[in-house]
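Here the structure comes first, spelled out in structure tokens, and everything after it is commentary.
The values are calculated or read from the model by the stated rules, or taken from the named source; none is laboratory data. Being a predicted model, the structure only gives us computed values, none of them experimental. Every residue, glycine among them, receives a Cβ derived from its backbone with ideal geometry; neighbour counts consider all protein chains shown. The protein model used for the area step is the full one, side chains on, heavy atoms only, and it has no ligands, DNA or RNA in it. Shrake-Rupley method; radii C 1.70, N 1.55, O 1.52, S 1.80 Å.
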Amino acid sequence: MVLLKALSLLPNRSRLQRTLLDTTHILGSVCSVSQNAAFATQTTSAVHTKVENIRNIGISAHIDSGKTTLSERILFYTGRIAEMHEVRGKDSVGAKMDSMELERERGITIQSAATYTEWKNTSINIIDTPGHVDFTVEVERALRVLDGAVLVLCAVGGVQSQSYTVDRQMKRYNVPCLAFINKLDRQGSNPARVLNQLRTKLMHNAAFINLPIGLESNCKGIVDLIQQKAIYFEGQQGLVLREDEIPQEMRTEAIHRQEELIEHVANVDGVLGEMFLEEKKPSPDQLMAAVRRSCLQRKFTPVLVGTALKNKGIQPLLDAVVSYLPYPSEVQNHALDESAEYV
């Protein structure tokens, strides 16, 4: 406006005024289009994910069970990070979830770290919790807000002291969980013994949903007991999944473990229980649905196996998180009514 008034004092002002007005109009139109485009972009990006496609999970375990290494692999295989790094920061980088310098120096998690990722059109919010007894309150705070959890157990150490604490916290807040037996590559690993400890020490109604193909340095892949197929993790970083028939020497054990799985789930699920009594074999979809129903009610704990450090078993774990753990609307959240009087 000031410029227009100044132009009114100049000769040929009418033509200059028209030119400036036209320019102003064009710039205004461009700004309007830019604002509309920005609004359209914001509107497009604000499209909400369906609640059925959201998982809020935590990863909890005894110290040195491989929680942060597992989180690092999850972020890598879901495309959240471009490369994986060691927990102790041997390459001067350290794991993504260890943000504190002391965590990278000591190789332990001190405070809970939250992140998010996506897997097969499902948004997964993850909290990596500490395993050391001194930081139990961090686990407590996380489990209060989570819908599901992954209980990581060492294939050598099994159920340890902090495993009891974490399990009690999950029961206190009624958090459904999967069990992941990690570190199959370590010498002395024995997942069958860990499963027995999960049943006898933590009193879980648990059964394998996959089996390892080989242990220690001979660990090659896993057997999917529900689909009855072998999965091999090939390539330098285990990115290539190759499905094949179950090895001949493992077929008897695979059938036995599948029958054991069906029996454990049938004991707590009415639909599968009726099929079991009628001696009908469930289809893979029926068995998966029964496992999910039982897991949501904390009546059954699916047990998976793998080795995060050697990049094996992570993708099936992600599939299990999507298939068996609850989405937010399936969880009942209770709040404290401060206006009420409690005795």
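Given a Förster radius of 22 Å and the C-beta distance between N205 and M250 as r, what FRET efficiency does 1/(1 + (r/R0)^6) yield to the nearest 0.05? Show your work: numbers first, answer last.
Working: r = 24 Å, r/R0 = 1.11.
With R0 = 22 Å, the Cβ-Cβ based efficiency is 0.35.
With all protein chains present, calculate the accessible area of Y77 using a 1.4 Å probe and round the result to the nearest 10 Å².
The value for Y77 is about 20 Å².
Accessible area of D128, 1.4 Å probe, to the nearest 10 Å²?
Solvent-accessible area, nearest 10 Å²: 0 Å².
Counting only protein heavy atoms and using a 1.4 Å probe, what share of the accessible area of the range 164-220 belongs to carbon plus sulfur, as a whole percent? Present the calculation step by step, with values, prior to reporting the outcome.
Details: 1080 of 2390 Å².
C and S atoms contribute 45 percent here.
How much of the accessible area of the range 222-277, probe 1.4 Å, is carbon plus sulfur, in whole percent? Don't skip to the end; give the middle numbers.
Numbers: 1550 of 3240 Å².
Carbon and sulfur together cover 48 percent of it.
Report the convex hull volume per residue for the range 262-341, counting only C-alpha atoms, in Å³.
Values: hull volume 12.1 nm³, N = 80.
Hull volume normalised by residue count: 151 Å³.
Working with all protein chains in place, sort K120, K201 by solvent-accessible area computed with a 1.4 Å probe, largest first.
Numbers: K120 135, K201 90 Å².
Largest to smallest exposure gives the sequence K120, K201.
Could you work out how much longer the chain between Q228 and R172 gets when fully extended? Use 0.36 nm per residue separation minus the Cα distance between them, nm to one decimal.
Details: separation 56, 0.36 × 56 = 20.16 nm, distance 3.52 nm.
Fully extending the segment from Q228 to R172 adds 16.6 nm.
Would the range 165-251 count as rounded, prolate or oblate if I go by the C-alpha gyration tensor, calling it rounded below 1.5 in a/c and otherwise prolate when a/b exceeds b/c, oblate otherwise? Can you show the working numbers first?
Numbers: a/c = 1.95, a/b = 1.90, b/c = 1.03.
In terms of gyration-tensor shape, prolate.
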